[in-house]
Amino acid sequence: MAEAKVFPMSTFVACLRENDTSDAGVVDLLGFLTNATVSEEFAPFAAALSKAWVYEQNPELTKASKSEIAGLGQKVSINSMSGASAEQAKAVLEKLVELKKENEALVAKAAELEAQNKALNEAKIQAEGKLKKYETQAAQGDAKLEMSGKKVDEYLKKVTELLDQIEKVKKEGVVVAGTGAPGEAGAAAADGDAAGAPAQEDAGSDFGFGGGASDPFADSSW
């Protein structure tokens, strides 16, 4: 057990009754009682541990009023914690420091994640904007392609119609020529036959073996 230390009674009363852990004297008293370096942040925890220690050592103070305690004198000599109480106070305060560090790390991590989330949201917004732009361009391109496709279809249709007309003209031209020529040829042939018939008959009388007036063997004694 460490040697006792003397503190002003006002500081002692403030610790027990006023819970004024912002006072530098009170924080110093708490550090002595807990055998630890007490920050203002953790002073309320140290105060709870310290008061439990003081009341355990001096049960009569639990029922004494603020004025009664202050009337005990201008100064108070008090011992620091020892044994299980000291170990418990040390463990609690060390745990608080550890939790503080973990909390600071979590806060830093949260800030980092928030920054990343912000960056991702901005990237998402930009990506959505670009996607919308591309979709608009694609829609315009589809419209242009559709128009081009219609023009191509119209052109092919016209070409097909033209080819059909050409084929039709070719076929009709052949039919017309064939219709007139055979008729004329037939008529000419008929006329030729009619005109050639007598000539063929004369040839027969000149070279035939039939008896006729001009036959040189008609008067023969054979």
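The values are calculated or read from the model by the stated rules, or taken from the named source; none is laboratory data. Please read all numbers here as calculations on a predicted model, not as lab measurements. Cβ sites come from the backbone with ideal geometry, for glycine too, and all protein chains shown count toward neighbours.
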- line: Output for Cβ contacts, cut-off 7 Å, separation at least six or different chains, first residue under 23 Å from Ala86 (Cβ atoms) and surrounded by 14 or more Cβ atoms within 10 Å (Cβ to Cβ) in the stretch 15-30, second polar (S, T, N, Q) and at pLDDT below 90, reads Val27/Thr21
message: Regarding the stretch 57-67, can at least one residue be identified that is touching a residue at least 12 places away in the same chain (Cβ under 8 Å), within 30 Å of Ala14 (Cα to Cα), of a type in the set (D, E, K, R) and not in a helix (DSSP H, G or I)?
response: no
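Mind telling me which of the residues Ile125, Ile69, Ile78 ends up being at pLDDT 85 or above and more than 16 Å from Leu16 (Cβ to Cβ)? First the steps, then the outcome.
Values: Ile69 fails: more than 16 Å from Leu16 (Cβ to Cβ); Ile78 fails: more than 16 Å from Leu16 (Cβ to Cβ).
Exactly one residue qualifies, and that residue is Ile125.
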- request: State whether the residues of the stretch 72-82 include one that is assigned to a helix (DSSP H, G or I) and not charged (D, E, K, R).
  value: no
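Looking only at the stretch 77-134, count every residue that is hydroxyl-bearing (Ser, Thr, Tyr) and under 15 Å from the mean Cα position of the chain (by Cα) and tell me the total. Before the answer, list the steps.
Applying the first criterion (hydroxyl-bearing (Ser, Thr, Tyr)) to the stretch 77-134 yields 77, 80, 82, 85, 134.
Next, from what is left, pick out any that are under 15 Å from the mean Cα position of the chain (by Cα): 134.
Counting residues in the stretch 77-134 that are hydroxyl-bearing (Ser, Thr, Tyr) and under 15 Å from the mean Cα position of the chain (by Cα) gives 1.
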- prompt: Hey, does the stretch 120-135 have a residue that's assigned to a helix (DSSP H, G or I) and touching a helix residue (DSSP H, G or I) at 6+ places or on another chain (Cβ under 7 Å)?
  reply: no
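Could you check the stretch 33-56 and list, in sequence order, the residues that are among the β-branched types (Val, Ile, Thr) and outside any helix (DSSP H, G or I)? Quick ask: steps written out before the conclusion?
Filtering the stretch 33-56 for residues among the β-branched types (Val, Ile, Thr) gives 34, 37-38, 54.
Within the stretch 33-56, Thr37, Val38 meet the criteria.
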query: What single numbered condition from (1) among the β-branched types (Val, Ile, Thr); (2) touching a residue at least 24 places away in the same chain (Cβ under 8 Å); (3) part of a loop (DSSP other than H, G, I, E, B) fails to hold for Val6?
result: (3)
- prompt: Just a yes or no: is a residue in the stretch 36-54 among the polar types (S, T, N, Q), in contact with a helix residue (DSSP H, G or I) (Cβ under 9 Å, 6 or more places away or on another chain), under 27 Å from Glu98 (Cβ atoms) and at pLDDT 90 or above?
  reply: yes
field: Every pair of residues 6+ apart whose Cβ atoms lie under 9 Å, when the first sits in the stretch 88-106 and is within 11 Å of Thr34 (Cβ to Cβ) while the second is modelled with pLDDT under 90 and loosely packed, with under 15 Cβ neighbours inside 10 Å
entry: Leu93/Thr37
- prompt: Within the stretch 69-95, can you find the residues that are surrounded by 15 or more Cβ atoms within 10 Å (Cβ to Cβ) and hydrophobic (A, V, I, L, M, F, W, C)?
  reply: Ile69, Ala70, Val76, Ile78, Met81, Ala86, Ala89, Val92, Leu93
- request: Please state which of the following conditions Lys66 fails to meet, knowing it meets all the rest: (1) within 30 Å of Thr34 (Cβ to Cβ); (2) loosely packed, with under 11 Cβ neighbours inside 10 Å; (3) of a type in the set (Lys, Arg).
  value: (2)
